[in-house]
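Working notes, structure below.
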Amino acid sequence: MKITSAEFVISNTKLDLCPKPDKAEYAFIGRSNVGKSSLINYIVNNKNLAKTSGRPGKTQLINHFIINEEWYLVDLPGYGYAQTSKKNRAKWEQFISDYILQRENLLNLFVLIDSRLPAQKIDLDFMEWLGEKGVPFSIVFTKIDKLSSTQKHKNLMAYKKEMLKYWEEMPINFSTSSSGKTGKEAILNYIESINIA
Ligand code: GDP
């Protein structure tokens, strides 16, 4: 899929203030600093669309973008950063889970994972929760430019091994680098294949 336009629509913290659910929607989520804003900007060819966060956890909103005037791309707040209160975290969990579980046009959630790190409990728990709730998702490994091809292979195998403790098979996954500009075609083709289906 070629990106011909990408525009910001609205940011909010409430499901009922999101745009009318009349278009296919794909959301991106992951731990703060995983490279989500950079990946979104790389995917849509606009280095300023999603705000890259200097301070982890700064972007606490559901951000809607309209792509090719046809589908919504959603930038969800990062999770798992330390500098926040319990109260804030509870609020986050509520509005994100409302969005994930109730957004009727959400066709796939891309869960971003830093390819350099061993599997993190917070991500594994989150994906287990998605599985229990029947939310369709796939994994996007980020920052693969930081790894040699041997290391990349090793890390992905280790991740798969970890996932197979809970999952019957490894979910669909993508390897990306926004710095190295690799991996977006596979994601866009995947989105296109769901849009057409
Ligand atoms: P977010 O908090 O998940 O939105 O992450 P950002 O997109 O703001 O990126 C966090 C940090 O990781 C920044 O310092 C980025 O420059 C860096 N980063 C993001 N993507 C990549 C990548 O593909 N490769 C490398 N080497 N660094 C990246």
Residue check, residue 189 more than 15 Å from the ligand (Cβ to nearest atom), within 17 Å of the chain's Cα centre (by Cα), at pLDDT 95 or above and surrounded by fewer than 16 Cβ atoms within 10 Å (Cβ to Cβ): yes
Subset of the stretch 131-161 [over 13 Å from residue 111 (Cα atoms), surrounded by 15 or more Cβ atoms within 10 Å (Cβ to Cβ) and more than 15 Å from the ligand (Cβ to nearest atom)]: 156, 159, 160
Can you pull out the residues in the stretch 174-197 that are in contact with a helix residue (DSSP H, G or I) (Cβ under 8 Å, 6 or more places away or on another chain) and over 12 Å from residue 2 (Cα atoms)? 174, 175, 176, 177, 178, 179, 180, 181, 182, 183
The correct count of residues that are farther than 24 Å from residue 90 by Cα and aromatic (Phe, Trp, Tyr) in the stretch 27-52 is 1
Failed item in (1) within 16 Å of the ligand (Cβ to nearest atom); (2) surrounded by 14 or more Cβ atoms within 10 Å (Cβ to Cβ), with residue 122 passing the rest: (2)
Taking residue 57 as meeting all but one of (1) in contact with a Phe, Trp or Tyr (Cβ under 8 Å, 6 or more places away or on another chain); (2) modelled with pLDDT of 75 or more, write down the number of the exception. (2)
Picked from the stretch 1-56 (must be basic (Lys, Arg) and away from the ligand (no atom under 16 Å from the Cβ)), the residue nearest to residue 116 (Cα to Cα) is 2
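The values are calculated or read from the model by the stated rules, or taken from the named source; none is laboratory data. Treat the numbers as computed from the prediction; the structure is a model and nothing was measured. Note that we place each Cβ from the backbone using ideal geometry, even for glycine, and neighbour counts take in every protein chain shown.
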